[in-house]
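Down below is the structure, laid out as C-alpha cells.
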Amino acid sequence: MDDAMDAVGPRLKHLRLRRDITLTRLADETGISISTLSRLEAGLRRPTLEQLLPLARFYGVTLDSLVDAPRTADPRVDLRPLSCSDGSVIIPLTRRPGGIQAYKFVLPPGRDDAVADLRSHEGFDWAYVLNGTLRLVLGDQDLLLKAGEAAEFDTRTPHWFGATSRGPVEYLSLVGRQGERAHVRTTA
C-alpha cells in the first residue's frame, strides 16, 4: 500500500509533463491549489480521494491507473464517455495508460465552411469512419471520408478533424504514445 501511494506523485507529474500542462492550468481546471499539486507530484503529500477524482477526470484516466491498482479478472472496459465543450464526445475504448490507446469520437454536425484549426504533434494518426462523413484537413488537402474509409498520416503534418453539415460523424482513432502529447497550434 505504501509503495502504491508513494508512486502516485511521480505518476501525476509524468501525466502533466507528457501533456505539456502547467501547474497553473491544472490548478484552474481541477480547483486544487498550485502548492498542493506541487507537493503531491514531489511526493511530499499523500493524495486524498477528493484530490484524485478531479485529477483522474481531467487526465481522462481511471483512479485505478493513478494508484496503479492491481488489475481484476474483469476484462470489460469502462466505456464512460467524456463530453467536450464543443458538443463532441470521446469514448475511451482501452483502459491502461501507455501504449496504443483506442478511442471512439462522436462529432456533432458541423459547417461545411468551418475554418480548420490545424494542429500538429509527433507520431502517426489512424482514423476509421463508422457513420457519417468526416472532414479531414491535412496540410493543404481538404478530404471527406465516408463510412468504411480510413486515413493514416504523419501527425507532424498540420491536421484537423470535423463533421460536415450532413450530420454527425462517428469514427475510431488509434493513438500511440507520441500521439498523446499536447497538440501544437500551427496557425495563430
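None of the figures in this text is laboratory data; all of them are computed from the coordinates on show. The structure displayed is predicted, hence computed values, not measured ones. So basically every Cβ, Gly included, is an ideal-geometry build from the backbone, and we count neighbours across all protein chains shown.
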How far is it, in nm, from the label point at Asp28 to the one at Asp86 when both lie 7 Å from their Cα along the line to the Cβ? 1.9 nm
Please turn the phi angles of region 7-20 into ³J(HN,Hα) values with the Karplus equation 6.51 cos²θ - 1.76 cosθ + 1.60 (θ = phi - 60°), one per residue in order, whole Hz, x for glycine and proline. 7, 5, x, x, 5, 5, 5, 4, 4, 5, 5, 4, 9, 6
√(5λ) per eigenvalue of the Cα gyration tensor, region 2-67, largest first, Å: 16, 13, 11
Starting from one equal scatterer on each C-alpha and no solvent at all, send me the Debye-based log10 I(q)/I(0) for region 82-185 at q = 0.13, 0.15 Å⁻¹, two decimals. -0.43, -0.59
Applying a 10 Å radius around every beta-carbon, put 101-111, 149-159, 43-53 in order of their mean neighbour count, most first. 101-111, 149-159, 43-53
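If each residue's Cβ is checked for other Cβ atoms within 10 Å, how do Val129, Val89 rank with the fewest at the top?
Val89, Val129
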Expressed in nanometres to one decimal, the distance between label points 7 Å along Cα→Cβ at Leu17 and Leu130 is 3.6 nm
Peptides 22-28, 58-64, 140-146 ordered by average Cβ neighbours within 10 Å, highest first: 58-64, 22-28, 140-146
Suppose R0 equals 45 Å; then what is the FRET efficiency for Thr157 and Thr48 from their Cβ-Cβ distance, rounded to the nearest 0.05? 0.55
